[in-house]
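Read-outs: derived from the displayed coordinates by stated rules, not from any lab. As the structure is a computational prediction, the values presented were derived from the model and not from experiment. Cβ sites come from the backbone with ideal geometry, for glycine too, and all protein chains shown count toward neighbours.
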Amino acid sequence: MALQDRMLACRDCGTEFAFTAGEQEFYSQKGFEHEPSRCAVCRHARKRDRPSGGERTMYDAVCSQCGVATQVPFSPQPEKPVYCADCYRAVAGRRARI
């Protein structure tokens, strides 16, 4: 089935914006489960207004499953597992099927 552009309403400003077929394909390839809820202007404003000035603080960690060095956007806690992106997708995929 060919994807078609869809019009969505921004949750912040209410403006309609296009969720293009190309963007839908990208979302699918990345495994994103939810479509975008904000227009590009509101997304950029939200990122800009983050306390860190738009840049996330990343923390070094070691994946609890495969042992590879990775970075995560939260401070790792010793009692909780941390996963690299590949292992997280695998673990999250198993949980979704349960």
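Tabulated values for the structure
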quantity	calculated
Percentage relative contact order, the chain, counting C-alpha pairs under 8 Å, at least six apart	16 percent
Residue 55-residue 6 pseudo-label distance in nm [points 7 Å out on the Cα-to-Cβ vector]	3.6 nm
Segment 6-48: translational diffusion in µm²/s, Stokes-Einstein, Kirkwood Rh over Cα pairs, 4 °C, 1.567 mPa s	119 µm²/s
Å³ per residue enclosed by the Cα convex hull of the chain	150 Å³
FRET efficiency, residue 68 to residue 48 (Cβ-Cβ, R0 41 Å, nearest 0.05)	0.80
Charge context of residue 56, other residues only, Cβ under 10 angstrom, K/R +1, D/E -1	+1
Under DSSP loop assignment and at most 10 Cβ neighbours within 10 Å, longest GluC sites (Glu not before Pro)-free interval of the chain	1-32
Neighbourhood net charge (10 Å Cβ-Cβ; Lys/Arg +1, Asp/Glu -1) for residue 18	-2
Folded to 0 to 90 degrees: helix 85-97 orientation relative to the chain principal axis, Cα	70 degrees
